[in-house]
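Worksheet for the structure shown next.
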Amino acid sequence: MSTERGLTIPEFCQKHGFSRAQFYVLKKRGLGPIEYRIGVKLVRISPDAEAAWLRTWQQAAETERTSEAA
């Protein structure tokens, strides 16, 4: 799995421990990572998009944790 070229959707799902179906649920809700296309069929998630997606979830978790503590 080469992250320099970006991850395929199955690679991304495997790496983060959820199914492709869950990926598409997140995507439909606007909560998935940004994708880019190579040609018609190849879809990748860049390392930068993956990092941004992770930061978004980490920030949401931090916000939830601090609001519960208040």
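Read the figures in this text as sums done on the coordinates, not as results from a lab. Predicted model, so just to flag it, every value in this text is computed and none were measured. Cβ sites come from the backbone with ideal geometry, for glycine too, and all protein chains shown count toward neighbours.
Couple of notes before you dig in:
- When Arg29, Arg55, Arg37 are checked against the criterion of being in contact with a strand residue (DSSP E or B) (Cβ under 9 Å, 6 or more places away or on another chain) and over 14 Å from Phe12 (Cα atoms), Arg37 stands alone in meeting it.
- Qualifying residue in the range 21-42 (condition: assigned to a strand (DSSP E or B) and under 10 Å from the mean Cα position of the chain (by Cα)): no
- Counting residues in the range 54-66 that are of a type outside the set (Ser, Thr, Tyr), touching a helix residue (DSSP H, G or I) at 6+ places or on another chain (Cβ under 8 Å) and without any contact (Cβ under 8 Å) to a residue 24 or more places away in the chain gives zero.
- For the range 1-24, the tally of residues that are among the aliphatic types (A, V, I, L, M) and surrounded by 13 or more Cβ atoms within 10 Å (Cβ to Cβ) stands at 2.
- Number of positions in the range 25-70 that are farther than 22 Å from Arg5 by Cβ, of a type in the set (Lys, Arg) and surrounded by 11 or more Cβ atoms within 10 Å (Cβ to Cβ): 0
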